[in-house]
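Written below as structure tokens is the structure these notes are about.
The values are calculated or read from the model by the stated rules, or taken from the named source; none is laboratory data. What you see is a predicted model; the values in this text were computed from it and never measured. So basically every Cβ, Gly included, is an ideal-geometry build from the backbone, and we count neighbours across all protein chains shown. The area values use the complete protein model at the heavy-atom level, side chains included, leaving out ligands, DNA and RNA. Shrake-Rupley method; radii C 1.70, N 1.55, O 1.52, S 1.80 Å.
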Amino acid sequence: MDTQLHEQVLEYVEKHGKVDTLDLATHFSVDHQKIVGAVKSIEAHGNLINSEITSRKSWELTKEGQEVAANGSHEAVVFRAIPAGGIPQAELMKTSPNAKIGISKAVANGWIEFDKSGGAPVVKKKVDKIEDQTQKYLQAILKGSGDSSVPENVKQEFKKRKLMQEITTKSYILTKGAEFSTKLKKLETDLTVEMLAGDLWKELSFKPYNFDALGAPPERGHLHPLMKVRSEFRQIFLEMGFIEMPTNMYVESSFWNFDALFQPQQHPARDAQDTFFVSNPEKSYKFPVDYVEKVREIHSKGGYGSIGYGYDWKLEEAQKNLLRTHTTAVTARMLYKLAQSGQGDKPAKFFSIDKVFRNETLDATHLAEFHQVEGIVAGRGISLSNLIGILYEFFRKLNITDLEFKPAYNPYTEPSMEIFVFHPGLKKWMEIGNSGMFRPEMLRPFGIPEGVNVLGWGLSLERPTMVKYGLDNIRDLVGPKVDLKMVQANPICRLDKD
């Protein structure tokens with residue numbers, strides 16, 4: 001803001017005592033908003049002036065009113081277009097875009113008449129000369145002569161005709177304040193050691209603190225909705241007495257990812273179209289020898305009541321490294337470790353939540369990299385009904401109650417069930433996981449004793465998150481199309497539970 005304008009305003013107030021900012025704008029020939037800005041700046045320097053808001057009402061011409069002031073009223077334009085012998089009404093209507101209202105007003109003023117003796121109406125003049133008072137009134141306002149000369153009823157008529165409009169202008173009445181001065185004194189914003197060392201601070205003016213001003217929000221990290229639901233899943237598992245399994249091996253061997261789970265080496269899931277194989281290192285070599293032989297035997301010849309698959313099982317196929325396709329590979333390692341430690345016949349509950357990778361085609365509900373929520377329960381005398389009950393309880397804690405189970409086939413579970421949940425946004429049932437009871441062909445080679453059953457399930461983390469956050473496309477949750485404002489504006493926690 002121009003300092004000179006500040007001082008000009010203060011000098012004017014000193015000379016006149018009381019002044020309207022609209023008059024200041026006219027006096028200094030500047031925009032009124034500049035005067036208002038100068039006043040606000042002066043007020044920030046202390047109680048130099050008092051300002052009281054006021055308003056003025058004035059009239060100004062509309063665009064149509066300006067045209068009338070320049071060219072004459074619609075009725076006058078119509079009158080001037082009528083020749084001495086008259087003109088058919090249809091022809092007169094073509095002479096002006098406002099001819100219709102012009103004819104109406106001219107008739108009301110007694111300037112013209114209609115001759116219908118010849119059939120089609122002909123418009124003729126009733127008077128030889130007219131005075132366009134409408135144009136004169138509008139010209140007076142346009143020239144700044146003031147609208148006081150225009151009668152109030154005429155103003156209201158012009159307003160209805162949209163020739164004029166009433167304008168309310170807000171302004172400020174300025175008077176001297178308690179600390180009035182024609183010079184602006186710099187306000188200090190900081191209290192320094194030098195000021196306090198002597199008496200300098202007594203001579204200075206300080207800018208008052210605005211305790212109502214909002215501070216700049218600090219930069220901070222934000223929890224992604226997926227991570228919030230992951231934390232919620234983890235907390236539910238821990239509340240239900242589960243122990244978390246280590247999941248830090250993204251690269252896994254085909255042996256633990258497929259063979260240990262009684263998944264045959266000819267299974268379609270082991271093709272490059274479904275699985276990301278690793279080229280470096282291409283193979284793994286460290287396996288428990290005794291256990292490898294048991295896996296070879298169960299695949300090739302069967303055992304524990306199974307006839308196996310009847311093919312020549314190859315170690316070379318099992319050695320291939322890949323990005324794990326499910327965290328059930330983690331479960332296989334944990335069950336083997338449990339059996340080898342002599343704890344295979346004791347009740348146990350484990351869970352894991354981490355990323356898995358599949359060569360999927362991306363769409364609204366599928367990703368190539370996603371999270372799997374894995375849970376297992378081991379014990380004697382447990383059955384499929386226990387699994388259904390555990391899953392209902394788990395999802396109830398998530399405030400998701402619309403569940404359905406569908407019979408399915410898995411190489412490593414029998415019986416098996418797919419788990420579906422209803423998505424209100426998509427208005428359809430959506431698969432969110434798979435479950436079942438682990439086969440003896442998988443458990444017994446580990447060393448898990450007869451009579452001990454293991455229930456297992458693998459859930460998606462992304463799809464339940466979509467349901468809870470009302471998203472109908474998984475790419476709105478993960479990937480380059482995610483709206484970061486959605487992540488940042490999301491509440492820290494959701495209070496949606498009963």
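For the stretch 275-292, the criterion of a residue being under 42 Å from the mean Cα position of the chain (by Cα), within 30 Å of Lys468 (Cα to Cα) and open to solvent by 90 Å² or more (accessible area, probe 1.4 Å) is satisfied by no position. Within the stretch 338-345, is there a residue that is at negative phi, surrounded by 15 or more Cβ atoms within 10 Å (Cβ to Cβ), within 30 Å of the chain's Cα centre (by Cα) and at pLDDT below 90? Within the stretch 338-345 (the criterion being at negative phi, surrounded by 15 or more Cβ atoms within 10 Å (Cβ to Cβ), within 30 Å of the chain's Cα centre (by Cα) and at pLDDT below 90), the answer is no, since none of the residues qualifies.
Quick check, is Leu184 surrounded by 16 or more Cβ atoms within 10 Å (Cβ to Cβ) and either on the phi < 0 side of the Ramachandran plot or not in a loop (DSSP other than H, G, I, E, B) (or both)? Criteria met by Leu184.
Checking each residue in the stretch 57-73 for being open to solvent by less than 20 Å² (accessible area, probe 1.4 Å) and either part of a helix (DSSP H, G or I) or among the small types (Gly, Ala, Ser) (or both) picks out Gly65, Val68, Ala69, Gly72, Ser73. For the stretch 196-226, a residue qualifies if it is open to solvent by less than 70 Å² (accessible area, probe 1.4 Å), modelled with pLDDT of 80 or more and among the hydrophobic types (A, V, I, L, M, F, W, C), and the qualifying residues are Ala213, Leu226.
Just one of the listed residues (Gln135, Gln139) is in a helix (DSSP H, G or I), within 21 Å of Trp59 (Cβ to Cβ), in contact (Cβ under 8 Å) with a residue 60 or more places away in the chain and open to solvent by 40 Å² or more (accessible area, probe 1.4 Å), and it is Gln139. Identification of strands (runs of 3 or more DSSP E) wholly contained in the stretch 386-496 with 3 or more residues that are open to solvent by 70 Å² or more (accessible area, probe 1.4 Å) yields 403-410. The C-beta contact set for the stretch 379-404 (first residue more than 19 Å from Gly458 (Cβ to Cβ), second residue part of a helix (DSSP H, G or I) and open to solvent by 70 Å² or more (accessible area, probe 1.4 Å), distance under 9 angstrom, 6+ apart or interchain) comprises Thr401/Tyr392. Going by what's in this entry, would Pro264 be described as surrounded by 15 or more Cβ atoms within 10 Å (Cβ to Cβ) and under 21 Å from Asn359 (Cβ atoms)? It is true that Pro264 is surrounded by 15 or more Cβ atoms within 10 Å (Cβ to Cβ) and under 21 Å from Asn359 (Cβ atoms). In summary, Gln235 fulfils each of the numbered conditions (1) out of contact with any Phe, Trp or Tyr (no Cβ under 6 Å at 6 or more places or on another chain); (2) assigned to a loop (DSSP other than H, G, I, E, B) with the single exception of condition (2).
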